[in-house]
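S.K.: This is the structure, below, for whatever I ask next.
The values are calculated or read from the model by the stated rules, or taken from the named source; none is laboratory data. Just so you know, these numbers come straight off a predicted model, no measurement behind them. So basically every Cβ, Gly included, is an ideal-geometry build from the backbone, and we count neighbours across all protein chains shown.
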């Protein structure tokens, strides 16, 4: 479902070139959840940005569901991303002027996918957000905002979900419930989940762990 081939990312610094990522290659199957771990600054989030189409690599190829993503034109990339990729940001990025339910429905506005009636309410109920549907982000707790962001990322039935530190701002109990929900989604819905975390207790609940150091995969 995800295949990275010799991904590198570099930036010019004065007369030199600084490498953020060096020759990254790996593949991930369907129905799995994988954690990328490593110290701050090792390149975890940069790799996630490249795999999700937010940032381009300096070299290498990214295949998503057998599609050479960066060989697509801009419109093709946008269409593929909208129909196949869900992204869960650490800071949620909820729209403050929209209610919980309206935030969740936003991806459907730009999608050509046919989503069955009742999916929004069913998904909200699965994470305990039935009573928060009319609340605005500022009226919700951090855990409720995070669950809203998770449902929004999944509402369009993506094939791939990328999550950047999805439990970083949560207490341990809420964080564990979030990971259990993502594991369940991966295994029951045929979803490929790739998440970045610094918490090994979270990573150990995943099917696979990729360890990075200094822009490289070391394990």
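S.K.: Determine if region 154-171 includes at least one residue that is within 28 Å of residue 64 (Cβ to Cβ), out of contact with any strand residue (DSSP E or B) (no Cβ under 6 Å at 6 or more places or on another chain) and not in a loop (DSSP other than H, G, I, E, B).
M.R.: no
S.K.: I need the full set of residues from region 68-81 which are surrounded by fewer than 16 Cβ atoms within 10 Å (Cβ to Cβ) and modelled with pLDDT under 90, in order please.
M.R.: The answer is 78, 79.
S.K.: Here is a further query. Identify, by number, the condition in (1) within 23 Å of residue 39 (Cβ to Cβ); (2) surrounded by fewer than 20 Cβ atoms within 10 Å (Cβ to Cβ) that residue 212 doesn't meet.
M.R.: The single condition residue 212 does not satisfy is (2).
S.K.: Let me ask something additional. Is at least one residue of region 48-56 over 27 Å from residue 91 (Cβ atoms) and either touching a strand residue (DSSP E or B) at 6+ places or on another chain (Cβ under 8 Å) or without any contact (Cβ under 8 Å) to a residue 24 or more places away in the chain (or both)?
M.R.: no
S.K.: For residue 172, only one of the following conditions fails: (1) touching a helix residue (DSSP H, G or I) at 6+ places or on another chain (Cβ under 9 Å); (2) surrounded by fewer than 16 Cβ atoms within 10 Å (Cβ to Cβ); (3) at pLDDT 85 or above. What is its number?
M.R.: Residue 172 satisfies every listed condition except (3).
S.K.: Six or more apart or on different chains, Cβ under 9 Å: which pairs go from a residue in region 17-28 that's in contact (Cβ under 8 Å) with a residue 12 or more places away in the chain and at negative phi to one that's assigned to a strand (DSSP E or B) and exposed (fewer than 15 other Cβ atoms within 10 Å of the Cβ)? Could you list them?
M.R.: 19/11; 20/11; 24/6; 25/6; 28/208
S.K.: Of the residues that sit in region 144-169 and are more than 21 Å from residue 107 (Cβ to Cβ) and touching a helix residue (DSSP H, G or I) at 6+ places or on another chain (Cβ under 7 Å), which one is modelled with the lowest pLDDT?
M.R.: If we take residues in region 144-169 being more than 21 Å from residue 107 (Cβ to Cβ) and touching a helix residue (DSSP H, G or I) at 6+ places or on another chain (Cβ under 7 Å), then 169 is modelled with the lowest pLDDT.
S.K.: List every residue pair whose Cβ atoms lie under 7 Å apart, where the two residues are 6 or more positions apart in sequence or sit on different chains, the first residue falls within region 195-212 and is more than 14 Å from residue 166 (Cα to Cα), and the second residue, located anywhere, is exposed (fewer than 14 other Cβ atoms within 10 Å of the Cβ).
M.R.: 211/218; 211/219; 212/218
S.K.: Being in contact (Cβ under 8 Å) with a residue 40 or more places away in the chain, crowded, with 16+ Cβ neighbours inside 10 Å and under 19 Å from residue 185 (Cα atoms): is that true of residue 107 here? Spell out the reasoning first.
M.R.: Working: in contact (Cβ under 8 Å) with a residue 40 or more places away in the chain: yes; crowded, with 16+ Cβ neighbours inside 10 Å: yes; under 19 Å from residue 185 (Cα atoms): yes.
Criteria met by residue 107.
S.K.: Would you confirm, using the coordinates I've provided, whether residue 86 is under 27 Å from residue 142 (Cβ atoms), in contact with a strand residue (DSSP E or B) (Cβ under 8 Å, 6 or more places away or on another chain) and not in a helix (DSSP H, G or I)?
M.R.: Working: under 27 Å from residue 142 (Cβ atoms): yes; in contact with a strand residue (DSSP E or B) (Cβ under 8 Å, 6 or more places away or on another chain): yes; not in a helix (DSSP H, G or I): yes.
When the stated conditions are applied, residue 86 passes them.
S.K.: Let me ask something else. Please determine whether any residue of region 112-127 is under 19 Å from residue 174 (Cα atoms) and assigned to a loop (DSSP other than H, G, I, E, B). Talk me through it step by step, then tell me what you get.
M.R.: Step one: list which residues in region 112-127 are under 19 Å from residue 174 (Cα atoms), which gives 123-127.
Cutting the leftovers down to assigned to a loop (DSSP other than H, G, I, E, B) gives us 127.
Yes, that holds for at least one residue.
S.K.: From the list 94, 98, exactly one residue is in a loop (DSSP other than H, G, I, E, B) and under 18 Å from the mean Cα position of the chain (by Cα). Which is it? Can you show your working first?
M.R.: Numbers: 98 fails: under 18 Å from the mean Cα position of the chain (by Cα).
From the options 94, 98, the qualifying one is 94.
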